[in-house]
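Undergrad: I am attaching a structure below and will ask some questions about it afterwards.
The values are calculated or read from the model by the stated rules, or taken from the named source; none is laboratory data. Here the structure is a predicted model, which means the values were calculated and not measured. Glycine gets a Cβ as well: all are built from the backbone with ideal geometry, and neighbour counts include every protein chain shown.
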Amino acid sequence: MPANSSLSLARYRVTFEALEPLDLPAYLGSTLRGAFGHAFRVLCCPARPGEACPIPSACPYHVVFETAPPPGAVALRTHDEIPRPFVIAPPPAGARDYPAGAEVLFDLTLIGRARELFPHFVVTLREVDRIGRHRRAVVLRRIEAVDPRTGASEVAYVDDLVHPHGLGLTLDECVTPEPPGRAVRLRFVTQTRLKHADRFVRRPDFHVVFRRLLGRLSSLARFHCGSELGVEFLGLIQQAERVRLIEDRTRWTIWTRYSARQDRKMDWSGLVGTATYEGDLSPFWPYLVFGQWTHVGKGATFGLGGYRLEAVEV
């Protein structure tokens, strides 16, 4: 189980209103992430375009998007290798056409010290006023803080006011309840890109899923929560290799997205569907529960790698 873990997150539901008809992609993650990232840098970084930030260690943009590795770091030596402490998670698939007045919703997870930057996220989301094809107009209407496990909610922002809220989740709180049995089903609700041995895998063996999840949580703890995860990695991975994949109902998918940073379309491939595992799940359970809101694999910041745990009978 977690040892002295400081991993924590807060979950929010964000609601925009379409001020004119919208033409949006079926999956909004990349669109929302691009619009948000651009606005966040303009509003929260004191550097002018093309200039180096004079206060990178205190700049909200650099803390969130370009977290610096510590001096002498070997494992994660560049900004791009360090996970961002947020997840923008729209529904797995939505409508393409939104009439004027329609709501556009997505979930936002803030991890570790990103929770303290919630007001910066609110200011940035208020400035996101055009999205999608032809950059049609939208406006931020409300943000609700949501308990990840119960779905209970509190108003966090409405009518230009930020409201105090106390909902959140820590990794330590995921120790209980224990696994419902010796089998569990993972439903990959958004495309999941799991890399192992330098290639993306098409078979979601448990140890592969858990390796990628544990690595992500470890990096989030180290760089965004102020402490190491505090687990014996090799022992956990060896135990994970003994959990069997007893039913694989995943399928391989290809998704085309446009990258504004690279100014080109990109084909991304990965898994969706369900995988059922059997074995002693107790050592992995807190991480699996918590990981439902951090996501796993490549593209997590714009909602890929989303999964849900489901009980099964064997």
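Undergrad: Would you be able to tell me the number of residues in segment 226-269 that are in contact with a Lys or Arg (Cβ under 9 Å, 6 or more places away or on another chain), crowded, with 18+ Cβ neighbours inside 10 Å and modelled with pLDDT under 95?
TA: 2
Undergrad: So how many residues does segment 96-126 have that are touching a Cys at 6+ places or on another chain (Cβ under 9 Å) and free of Cβ contacts under 8 Å to residues at least 60 places away in the same chain? Reasoning before the result, please.
TA: Step one: filter segment 96-126 for residues touching a Cys at 6+ places or on another chain (Cβ under 9 Å), giving 111-113, 117, 120, 123-124.
Keeping just the survivors that are free of Cβ contacts under 8 Å to residues at least 60 places away in the same chain gives 117.
Within segment 96-126, residues that are touching a Cys at 6+ places or on another chain (Cβ under 9 Å) and free of Cβ contacts under 8 Å to residues at least 60 places away in the same chain number 1.
Undergrad: Okay, next question. Enumerate the pairs (first residue in segment 184-209 and in a strand (DSSP E or B); second residue anywhere and among the hydrophobic types (A, V, I, L, M, F, W, C) and modelled with pLDDT under 95) with beta-carbon separation below 8 Å, excluding pairs fewer than 6 apart on the same chain, so at least 6 apart or on different chains.
TA: Val184/Ala311; Val184/Val312; Arg185/Ala311; Arg185/Val312; Thr190/Ala89; Gln191/Trp255; Gln191/Trp268
Matching residues to (1) touching a His at 6+ places or on another chain (Cβ under 7 Å); (2) within 30 Å of Ala100 (Cβ to Cβ):
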site	(1), (2)
Asp23	yes, yes
Tyr27	no, yes
Gly34	no, yes
Leu43	no, yes
Pro46	no, no
Gly50	no, no
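Undergrad: Please enumerate the residues belonging to segment 279-308 that are part of a helix (DSSP H, G or I) and within 8 Å of the chain's Cα centre (by Cα). Write out each step before concluding.
TA: Let us first name the residues in segment 279-308 that are part of a helix (DSSP H, G or I), namely 282-294, 300-302.
Listed by number, the residues that qualify are Trp293, Thr294, Ala300, Thr301, Phe302.
Undergrad: A further question follows. Can you tell me how many residues in segment 185-203 are at negative phi and surrounded by fewer than 23 Cβ atoms within 10 Å (Cβ to Cβ)?
TA: If we filter segment 185-203 for residues that are at negative phi, which is where we start, we get 185-196, 199-203.
Still in the list and also surrounded by fewer than 23 Cβ atoms within 10 Å (Cβ to Cβ): 185, 187, 189, 193, 195-196, 199-203.
Counting residues in segment 185-203 that are at negative phi and surrounded by fewer than 23 Cβ atoms within 10 Å (Cβ to Cβ) gives 11.
Undergrad: Here are Arg149, Arg113: which of them is in contact with a helix residue (DSSP H, G or I) (Cβ under 6 Å, 6 or more places away or on another chain), under 22 Å from Ser6 (Cα atoms), at pLDDT below 95 and not aromatic (Phe, Trp, Tyr)? Walk me through it before giving the result.
TA: Details: Arg149 fails: in contact with a helix residue (DSSP H, G or I) (Cβ under 6 Å, 6 or more places away or on another chain).
On inspection, the qualifying residue turns out to be Arg113.
Undergrad: Also: Is it true that Gly215 is within 30 Å of Ala68 (Cβ to Cβ), outside any loop (DSSP other than H, G, I, E, B) and either not assigned by TED's automatic domain parsing to the domain that holds Arg182 or not aromatic (Phe, Trp, Tyr) (or both)? Steps first, please.
TA: Working: within 30 Å of Ala68 (Cβ to Cβ): yes; outside any loop (DSSP other than H, G, I, E, B): yes; either not assigned by TED's automatic domain parsing to the domain that holds Arg182 or not aromatic (Phe, Trp, Tyr) (or both): yes.
It is true that Gly215 is within 30 Å of Ala68 (Cβ to Cβ), outside any loop (DSSP other than H, G, I, E, B) and either not assigned by TED's automatic domain parsing to the domain that holds Arg182 or not aromatic (Phe, Trp, Tyr) (or both).
Undergrad: Given the options Ala39, Ala35, name the one that is in contact with a Ser or Thr (Cβ under 6 Å, 6 or more places away or on another chain) and either in contact (Cβ under 8 Å) with a residue 12 or more places away in the chain or hydrophobic (A, V, I, L, M, F, W, C) (or both). I'd like the intermediate steps shown before the answer.
TA: Working: Ala35 fails: in contact with a Ser or Thr (Cβ under 6 Å, 6 or more places away or on another chain).
Among Ala39, Ala35, only Ala39 is in contact with a Ser or Thr (Cβ under 6 Å, 6 or more places away or on another chain) and either in contact (Cβ under 8 Å) with a residue 12 or more places away in the chain or hydrophobic (A, V, I, L, M, F, W, C) (or both).
Undergrad: Could you list all residues from segment 270-297 that are surrounded by fewer than 17 Cβ atoms within 10 Å (Cβ to Cβ) and charged (D, E, K, R)?
TA: The answer is Asp280, and nothing else.
Undergrad: For the structure I just gave you, tell me whether Phe121 is in a strand (DSSP E or B), among the aromatic types (Phe, Trp, Tyr) and within 28 Å of Arg216 (Cα to Cα). Steps first, please.
TA: Details: in a strand (DSSP E or B): no; among the aromatic types (Phe, Trp, Tyr): yes; within 28 Å of Arg216 (Cα to Cα): yes.
Here the answer is no, as Phe121 does not meet what is asked.
Undergrad: Could you say which residue among Ile82, Ile131 is β-branched (Val, Ile, Thr), at pLDDT below 95 and more than 18 Å from the chain's Cα centre (by Cα)?
TA: Numbers: Ile82 fails: more than 18 Å from the chain's Cα centre (by Cα).
Matching residue, one of Ile82, Ile131: Ile131.
Undergrad: Could you give every pair whose Cβ atoms fall below 6 Å, whose first residue belongs to segment 56-68 and is farther than 14 Å from His38 by Cβ, and whose second residue is part of a loop (DSSP other than H, G, I, E, B), counting only separations of at least 6 or pairs across chains?
TA: Sorted first by the residue in segment 56-68, then by its partner, the pairs are Cys59/Cys45; Cys59/Cys53; His62/Cys53; His62/Pro56; Thr67/Ile82.
Undergrad: Could you identify the single residue in Pro56, Pro46 that is outside any strand (DSSP E or B), at pLDDT 90 or above and over 21 Å from the mean Cα position of the chain (by Cα)? I'd like the intermediate steps shown before the answer.
TA: Details: Pro56 fails: at pLDDT 90 or above.
Only one candidate passes the filter, namely Pro46.
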